[in-house]
Amino acid sequence: MLLGTIARRVAPAIASLLLVGGIATCMPASSAYADDIMPLTSEDQGYFFTFKYFGDSQHSERASKDDATASYIYVNHMTIYDVHLYVDGYWNGSWNFNLTRGGYAYLVDPGQWWIHNYVYENGYPEAQLRGLASEAGELGGLWSPDSWGTYNSLN
């Protein structure tokens, strides 16, 4: 009796998987290269900011910016109430601080987010993530100068 119940519950799921698998194998192959699908710098990098006081500023290492997509940030550690985030551009020994769309990105919750910026559009091939504290606390996770997913925007 128990085996019959399990079979009736599992059969629809198996049939769905076979149907989806059959549809996927019937799709035409594309000749896209990996670089066409995902920017080179969409690989996430770790960051960890320790803010000691109001107005303290911390920044990540700079990284290559390959296209005009928004920067990606994943916040999985946050002991600060809120923080202003910026994306800065770098080229040939010169910084352009705050190329963030709208002036800054306002973060109040952990999660995955977009930060729109104009680093690539203004000719800067490298970017860094920078945070400005509203109080003492920590912020950490992953970020990438470019993105390939879809996330809610902080700005």
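The values are calculated or read from the model by the stated rules, or taken from the named source; none is laboratory data. Note that the structure is a prediction, hence the values are computed from the model and not measured. Glycine also receives a Cβ, built like all others from the backbone with ideal geometry; neighbour counts cover every protein chain displayed. Accessible surface areas use protein heavy atoms only, side chains included; no ligands, DNA or RNA. Shrake-Rupley method; radii C 1.70, N 1.55, O 1.52, S 1.80 Å.
Can you confirm whether TYR151 is within 18 Å of PHE97 (Cβ to Cβ) and either of a type in the set (Ser, Thr, Tyr) or free of Cβ contacts under 8 Å to residues at least 12 places away in the same chain (or both)? Steps first, please.
Working: within 18 Å of PHE97 (Cβ to Cβ): no; either of a type in the set (Ser, Thr, Tyr) or free of Cβ contacts under 8 Å to residues at least 12 places away in the same chain (or both): yes.
No: the conditions fail for TYR151.
Just to be sure before I move on: is ASP66 among the acidic types (Asp, Glu), part of a loop (DSSP other than H, G, I, E, B) and either open to solvent by less than 30 Å² (accessible area, probe 1.4 Å) or over 20 Å from GLU43 (Cβ atoms) (or both) in the structure I sent?
Numbers: among the acidic types (Asp, Glu): yes; part of a loop (DSSP other than H, G, I, E, B): yes; either open to solvent by less than 30 Å² (accessible area, probe 1.4 Å) or over 20 Å from GLU43 (Cβ atoms) (or both): no.
The answer is no for ASP66.
I need the full set of residues from the range 90-120 which are of a type in the set (Phe, Trp, Tyr), assigned to a loop (DSSP other than H, G, I, E, B) and touching a Gly at 6+ places or on another chain (Cβ under 9 Å), in order please. Write out each step before concluding.
So in the range 90-120, the residues of a type in the set (Phe, Trp, Tyr) come out as 90-91, 95, 97, 104, 106, 113-114, 118, 120.
With the extra rule that they be assigned to a loop (DSSP other than H, G, I, E, B), the set shrinks to 97, 104, 118, 120.
PHE97, TYR118, TYR120, listed by residue number.
When you check ALA105 against the structure, is it open to solvent by less than 20 Å² (accessible area, probe 1.4 Å), under 14 Å from the mean Cα position of the chain (by Cα) and not acidic (Asp, Glu), yes or no?
So ALA105 passes the test.
Looking at GLY111, GLY103, which is the one that is under 21 Å from GLY55 (Cα atoms), at pLDDT 95 or above and not hydroxyl-bearing (Ser, Thr, Tyr)?
Numbers: GLY111 fails: under 21 Å from GLY55 (Cα atoms).
Testing whether each residue is under 21 Å from GLY55 (Cα atoms), at pLDDT 95 or above and not hydroxyl-bearing (Ser, Thr, Tyr) leaves just GLY103.
For the range 93-102, which residues satisfy the criterion of being open to solvent by less than 70 Å² (accessible area, probe 1.4 Å) and within 14 Å of ARG130 (Cα to Cα)?
First pass over the range 93-102, keeping only residues open to solvent by less than 70 Å² (accessible area, probe 1.4 Å): 93-94, 96, 98-100.
Within the range 93-102, ASN96, ASN98, LEU99, THR100 meet the criteria.
What do you reckon, is TYR90 within 22 Å of TYR151 (Cα to Cα) and open to solvent by less than 40 Å² (accessible area, probe 1.4 Å)?
For TYR90, the condition - within 22 Å of TYR151 (Cα to Cα) and open to solvent by less than 40 Å² (accessible area, probe 1.4 Å) - is not met.
For the list (1) at pLDDT below 95; (2) open to solvent by less than 30 Å² (accessible area, probe 1.4 Å); (3) in contact with a strand residue (DSSP E or B) (Cβ under 7 Å, 6 or more places away or on another chain), I need the number of the one condition that TYR72 fails.
(1)
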